[in-house]
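Here is the structure we will look at.
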Amino acid sequence: MGRFISRIVSRGALLGGAGLALALFAGPLTAQAATDSDDTSRIITVSGQGEVRAAPDEAVLSAGVVSSARTAAAALAANSRAMNAVFATLRNAGIAEKSMQTSGFSVSPQYVTDKNGAQTPHISGYDVSNTVTVTVDDLSKVGPTLDALVASGANSIGDIAFTIKNPKQAMAQARADAVADAIARAQTLAKAAGVTLGPITAISENSGYEPPRPMYRMAAMAVGAAAPTPIAAGEQSVTAGVSITWAIH
């Protein structure tokens with residue numbers, strides 16, 4: 001009987017010791033988790049912006065021909081002749097085939113009615129419109145190219161937009177400026193709040209390139225103008241935005 005009681009006591013002591021060890025192990029682990037949770041809740045997130053403006057080095061313009069005739073076939077034939085002249089003019093101006101793309105084509109009936117509207121409208125003719133979008137990689141050729149297009153028969157000139165062919169360098173500088181802006185803002189906020197910036201825990205980017213801006217739209221110009229059409233390219237904007245999160249102490 002005594003031997004049996006001794007075994008019970010020994011087993012109870014063993015289980016008690018294991019429980020104590022488990023409690024000692026679990027205690028610091030719980031405290032560490034709470035500490036980590038507190039650390040992750042002490043953060044500051046700041047956004048920064050960067051912008052670089054640069055002169056464009058490429059222009060995108062559209063030109064075309066609108067032809068009218070009593071029949072669709074006649075209007076199409078007249079339009080085809082005029083557009084062939086337009087394409088020939090572009091090639092003579094040094095525009096590569098890959099830089100020319102048809103961007104619009106339509107055949108539209110034209111309707112008329114009598115003055116008092118008593119009669120049902122009927123087709124009086126057809127309009128055929130054909131437009132080509134052209135990329136000019138030498139801005140000095142934009143004005144002369146427009147003049148040549150109109151002289152060759154183009155009677156519809158659309159918007160002109162200026163772009164930067166390779167904005168990578170400007171984008172890299174805009175990103176650097178955005179990060180510097182975020183850091184400066186974070187330092188100001190931390191100082192005002194009486195805290196210290198710790199390591200960066202997260203960073204994200206929101207960058208963009210200003211789309212080509214249409215500069216103006218002009219109608220067909222008179223052939224034989226005294227001077228080439230003036231063109232002003234202005235500047236393009238490359239922007240970058242970042243959001244940075246710091247731990248704070």
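The values are calculated or read from the model by the stated rules, or taken from the named source; none is laboratory data. Model, not experiment: these values are computed from the prediction. With ideal geometry, Cβ positions are generated from the backbone for all residues, glycine too; neighbour counts draw on all protein chains shown.
Among the residues that make up the stretch 187-201, is at least one of them charged (D, E, K, R), assigned by TED's automatic domain parsing to the domain that holds M83 and in a helix (DSSP H, G or I)? No: zero hits. For the stretch 180-214, filtering for residues that are modelled with pLDDT under 95 and touching a Leu at 6+ places or on another chain (Cβ under 8 Å) leaves 0. Within the stretch 48-87, take every residue that is more than 29 Å from the chain's Cα centre (by Cα) and within 13 Å of T145 (Cβ to Cβ) and give me the one that is surrounded by the fewest Cβ atoms within 10 Å (Cβ to Cβ). Out of the qualifying residues, it is F87.
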